[in-house]
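Single-structure report; data block below.
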Amino acid sequence: MSVLVNKNTRLLVQGYTGAQGTFHATQSINYGTTVVGGVTPGKGGNTHLDRPVFNTVADCVKETGANASVIFVPPPFAADSIMEAADAGVELIVCITEGIPVRDMIAVKQFLKERNVRLIGPNCPGIITPNECRIGIMPGHIFKPGNIGVVSRSGTLTYEAVGQLSALGIGQSTCIGIGGDPIIGTTHLDAIQLLNADPDTHAIIMVGEIGGNNEEIAAAWIKENVTKPVIGFIAGQTAPEGRRMGHAGAIVAGGSGKAEDKMAAMEAAGITVCASPAEIGQKVKERLGL
Amino acid sequence: MKIHEYQGKAILARYGVPVPKGKVAFTVEEAEAAAKELGGFVVVKAQIHAGGRGKGGGVKVVKTVEDAVTAARNILGMQLVTHQTGPLGQKVGRLLVEEALPIEKELYLGITLDRASGKNVFMASSEGGMEIEEVAHHSPEKILKEVIEPGIGLSGYQARKLAFGIGIPAGSVNAAAKAMIALSKAYDEIDCSLAEINPFILLKDGRVMALDAKINIDDNAMFRHPEFADLRDLAEEDPLEVEASKFSLNYIKLDGNIACMVNGAGLAMATMDIVKYAGGEPANFLDVGGGANEEQIKNAFRILLSDTAVKAVFINIFGGILRCDILATGVVNAARELGISVPIVIRMEGTNVAEGKKILAESGFNFGVADGMKDGAEQVVRAAQ
């Protein structure tokens with residue numbers, strides 16, 4: 001089993017005919033994901049990658065029965081695209097776009113509250129259930145089906161952790177890249193609640209980074225509710241205060257969002273915290289007694 | 001993007017936040033003219049993007065135009081060191097000359113994002129004029145908060161609640177509430193990521209005013225505000241960071257001697273961490289991004305090597321979208337064109353890694369090729385010694 005996405009997921013692509021949309025839709029199709037079509041306003045009625053193009057998400061959902069959407073739309077228009085997908089009843093929206101203004105995401109967050117949808121991202125690498133469904137921009141070939149759930153704010157650091165697992169012969173149930181922005185649809189806590197409820201996820205890797213206190217919130221919940229082994233890493237232990245480290249959300253400001261505070265909270269929750277990013281795979285192996 | 005106090009005040013004034021009369025001065029002559037115009041009893045304030053300017057000697061209250069000239073001469077061009085500038089300080093290139101005012105009470109106003117709720121929060125405190133982090137640490141009960149509802153903004157009742165709560169006398173509450181609502185409106189409309197008025201002052205005559213203004217603008221929203229592009233002060237930024245930003249490279253200069261080139265922000269931070277873990281000191285944070293091309297790799301390389309402190313370079317790439325062969329070609333071409341003065345250790349993993357390694361091996365350069373992050377970090381730390 002898995003969480004959120006599997007072989008029954010029917011994916012539509014917003015920004016389908018653009019360069020990014022085309023490249024990653026192709027990758028997802030080649031991976032075996034059921035891509036049912038896409039949306040580019042003004043290009044409805046055409047065919048792209050052997051699939052229909054629609055003018056609106058509502059049309060696409062109606063015609064194809066899509067239940068998930070991935071967004072490759074430039075930042076000024078991305079918030080609108082998220083709301084369009086939510087309004088069309090798409091259950092799972094994955095927004096890859098980096099650079100959406102915070103003000104737009106504040107509005108989106110309110111908009112989504114009234115609708116029964118889940119947003120992953122923005123500014124994220126997407127979500128993958130190995131050998132079943134790839135949504136986003138992850139390199140599919142590094143993943144291997146199995147029983148470790150992964151949640152991470154960072155793309156390449158997710159690949160690093162997964163690469164270590166796969167090299168040790170340890171597969172993954174579902175890997176969720178939640179994104180590096182200050183306001184995101186699915187937090188560490190949300191993702192961990194999902195993975196904890198999944199019987200086929202036997203252990204969880206939680207990769208965080210400096211900025212905000214979502215890791216601390218998740219750790220507090222893990223302490224009370226999770227009996228599965230959780231292995232964690234926090235990036236940015238050496239980051240200077242007051243500087244944004246690439247991700248819009250990765251900043252230590254006013255004394256909050258520090259790596260050491262997150263690591264302490266995670267350790268207090270019984271999470272195995274890796275001091276070095278090179279030992280994530282090995283620590284999973286040890287915790288599982290493999 | 002950070003902007004100067006005088007720029008922030010000009011914006012806030014447009015929204016109706018009362019600010020003292022003042023003028024920016026780039027020269028001593030301009031400061032003299034401003035002091036004359038304001039009647040001689042003025043404050044001369046260094047304009048740099050860092051707090052703690054008063055303690056560092058960057059703020060002087062003077063009674064006469066002559067003293068204003070002396071203060072301007074002393075402050076302009078000085079290397080101002082505060083707790084936020086680092087030991088080297090920041091050179092002062094601009095002054096704000098402002099009317100001096102009889103202060104009754106120093107207060108604090110600020111707005112910031114609460115990530116958990118996805119809403120902005122308005123903060124007010126009776127403890128103005130000191131670091132708000134200090135107040136939060138020692139007496140958190142003295143920081144009052146009101147959630148700003150999206151689409152509504154700070155409501156009148158919330159502003160009054162805050163104003164009464166921080167001890168503003170009844171006769172001044174309406175003016176203070178009006179200033180708070182104006183600040184909240186400005187914050188929203190100009191896409192701030194942080195706004196602080198510290199201190200927000202109550203005058204002896206009952207008026208209220210923003211005596212300082214710290215405004216940061218959300219970089220991601222700059223496309224909506226082309227008029228703010230002029231507010232960027234390149235003198236406040238590290239020259240290598242300015243250069244990197246021209247090529248859409250995320251580069252942050254640090255104090256160590258091991259340069260890092262990585263794809264992805266999380267992995268770039270983790271690479272700095274593992275270099276430190278291996279006993280080294282990172283010279284920078286550099287995220288070349290997910291889809292870097294050869295040209296960007298070359299420019300990244302050039303920028304890394306122009307930092308004279310650098311003794312070795314660690315390239316750590318987990319190829320997803322950025323293919324290892326593209327990275328390798330970029331590095332080899334950059335090395336040919338720019339020459340290599342320091343050892344380079346490369347760790348590659350992911351898409352087309354075999355082709356990438358072949359390109360490096362056949363390049364004729366003596367790159368250190370690492371097997372995993374840990375090995376790479378250890379190799380580069382040894383190489384830098």
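When region B:310-337 is limited to residues that are open to solvent by 10 Å² or more (accessible area, probe 1.4 Å) and part of a loop (DSSP other than H, G, I, E, B), the one that is nearest to B:ILE297 (Cα to Cα) turns out to be B:ARG323.
When you look at B:GLY110, is it within 14 Å of chain A (Cβ to nearest Cβ), open to solvent by less than 60 Å² (accessible area, probe 1.4 Å), closer than 23 Å to A:GLY242 by Cβ and in contact (Cβ under 8 Å) with a residue 40 or more places away in the chain, yes or no? In short, yes. B:TYR187 meets all of the listed conditions (1) over 15 Å from the mean Cα position of the chain (by Cα); (2) touching a residue at least 40 places away in the same chain (Cβ under 8 Å); (3) open to solvent by 30 Å² or more (accessible area, probe 1.4 Å); (4) within 10 Å of chain A (Cβ to nearest Cβ) but one, namely (3). The set of residues in region B:288-309 being touching a strand residue (DSSP E or B) at 6+ places or on another chain (Cβ under 8 Å), part of a loop (DSSP other than H, G, I, E, B) and either open to solvent by 40 Å² or more (accessible area, probe 1.4 Å) or away from every other protein chain (no Cβ under 14 Å) (or both) consists of B:ASP307 alone.
If only residues of region B:63-107 that are hydroxyl-bearing (Ser, Thr, Tyr) and surrounded by fewer than 17 Cβ atoms within 10 Å (Cβ to Cβ) are counted, the one that is nearest to B:ALA25 (Cα to Cα) is B:THR70. Taken over region A:206-254, the criterion of being out of contact with any helix residue (DSSP H, G or I) (no Cβ under 7 Å at 6 or more places or on another chain), more than 25 Å from A:GLY281 (Cα to Cα) and of a type in the set (Gly, Ala, Ser) is satisfied by A:GLY212, A:GLY242, A:GLY249, A:ALA253. I'd like the residue in region A:153-184 that is out of contact with any Gly (no Cβ under 8 Å at 6 or more places or on another chain) and in a helix (DSSP H, G or I) and, out of all such residues, is nearest to the other protein chains (Cβ to nearest Cβ). Looking at the filtered set, the residue picked out is A:GLU160.
When you check A:ALA248 against the structure, is it within 14 Å of chain B (Cβ to nearest Cβ), crowded, with 20+ Cβ neighbours inside 10 Å, part of a loop (DSSP other than H, G, I, E, B) and touching a residue at least 60 places away in the same chain (Cβ under 8 Å), yes or no? The answer is yes for A:ALA248. Being of a type outside the set (Phe, Trp, Tyr) and either open to solvent by 20 Å² or more (accessible area, probe 1.4 Å) or within 18 Å of the chain's Cα centre (by Cα) (or both) is not true of A:ALA219. Checked against (1) out of contact with any Leu (no Cβ under 6 Å at 6 or more places or on another chain); (2) modelled with pLDDT of 95 or more, B:GLU237 passes all but condition (2). Scanning region A:252-278 for residues that are assigned to a helix (DSSP H, G or I) and under 22 Å from the mean Cα position of the chain (by Cα) gives A:ALA259, A:LYS262, A:MET263, A:MET266, A:PRO277, A:ALA278.
Listed by first and then second residue, the pairs with beta-carbon distance under 9 Å, at least 6 apart or on different chains, first residue in region A:133-144 and within 12 Å of chain B (Cβ to nearest Cβ) and open to solvent by 20 Å² or more (accessible area, probe 1.4 Å), second aliphatic (A, V, I, L, M) and assigned to a loop (DSSP other than H, G, I, E, B), are A:ILE137/A:ILE96; A:ILE137/B:ILE321. What about B:ALA124, is it open to solvent by less than 30 Å² (accessible area, probe 1.4 Å) and within 14 Å of chain A (Cβ to nearest Cβ)? So B:ALA124 fails the test.
Every residue, every condition in (1) over 27 Å from the mean Cα position of the chain (by Cα); (2) modelled with pLDDT of 95 or more, yes or no:
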site: B:THR271; (1), (2): no, yes
site: B:ILE274; (1), (2): no, yes
site: B:GLU281; (1), (2): no, yes
site: B:ASP287; (1), (2): no, no
site: B:ALA292; (1), (2): no, no
site: B:PHE318; (1), (2): yes, no
site: B:LEU322; (1), (2): yes, no
site: B:ILE326; (1), (2): yes, no
site: B:VAL331; (1), (2): yes, no
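Sub-9 Å Cβ pairs linking a first residue in region A:45-67 that is in a strand (DSSP E or B) to a second residue that is among the charged types (D, E, K, R), at least 6 apart or interchain, are A:PRO52/A:GLU63; A:VAL53/A:LYS43; A:PHE54/A:LYS43; A:PHE54/A:LYS62; A:PHE54/A:GLU63, ordered by first then second residue. Taking the conditions exactly as written (open to solvent by 10 Å² or more (accessible area, probe 1.4 Å) and either touching a residue at least 60 places away in the same chain (Cβ under 8 Å) or at positive phi (or both)), does A:GLY185 satisfy them or not? Criteria met by A:GLY185. Remark: pairs (first residue in region B:349-362, more than 16 Å from B:GLY290 (Cβ to Cβ) and at pLDDT below 90; second residue open to solvent by less than 40 Å² (accessible area, probe 1.4 Å) and in a helix (DSSP H, G or I); Cβ separation under 7 Å; 6+ apart in sequence or on different chains) = B:VAL353/B:CYS324. With a requirement of 2 or more residues that are of a type in the set (Asp, Glu) and at pLDDT below 95, none of the strands (runs of 3 or more DSSP E) lying completely within region B:78-168 satisfies it. Among all residue pairs at least 6 apart or on different chains, which show Cβ distances below 8 Å where the first residue, located in region A:207-222, is at the interface with another protein chain (Cβ under 7 Å from one of its Cβ atoms) and within 11 Å of B:ALA116 (Cα to Cα) and the second is open to solvent by less than 10 Å² (accessible area, probe 1.4 Å) and part of a loop (DSSP other than H, G, I, E, B)? Pairs that qualify, where the first residue is at the interface with another protein chain (Cβ under 7 Å from one of its Cβ atoms) and within 11 Å of B:ALA116 (Cα to Cα) and the partner is open to solvent by less than 10 Å² (accessible area, probe 1.4 Å) and part of a loop (DSSP other than H, G, I, E, B), are A:GLY212/A:GLY249; A:GLY212/A:GLY257. Summed over region A:62-81, the residues that are open to solvent by 30 Å² or more (accessible area, probe 1.4 Å) and either among the aliphatic types (A, V, I, L, M) or in contact with a Leu (Cβ under 6 Å, 6 or more places away or on another chain) (or both) give a count of 0.
The values are calculated or read from the model by the stated rules, or taken from the named source; none is laboratory data. Just so it is clear, the structure is predicted and the values come from calculations on it, not from any experiment. All Cβ positions, even for glycine, are placed from backbone atoms using ideal geometry, and neighbour counts span all protein chains on display. Quick note on the areas: whole protein, heavy atoms, side chains included, nothing else; ligands and nucleic acids left out. Shrake-Rupley method; radii C 1.70, N 1.55, O 1.52, S 1.80 Å.
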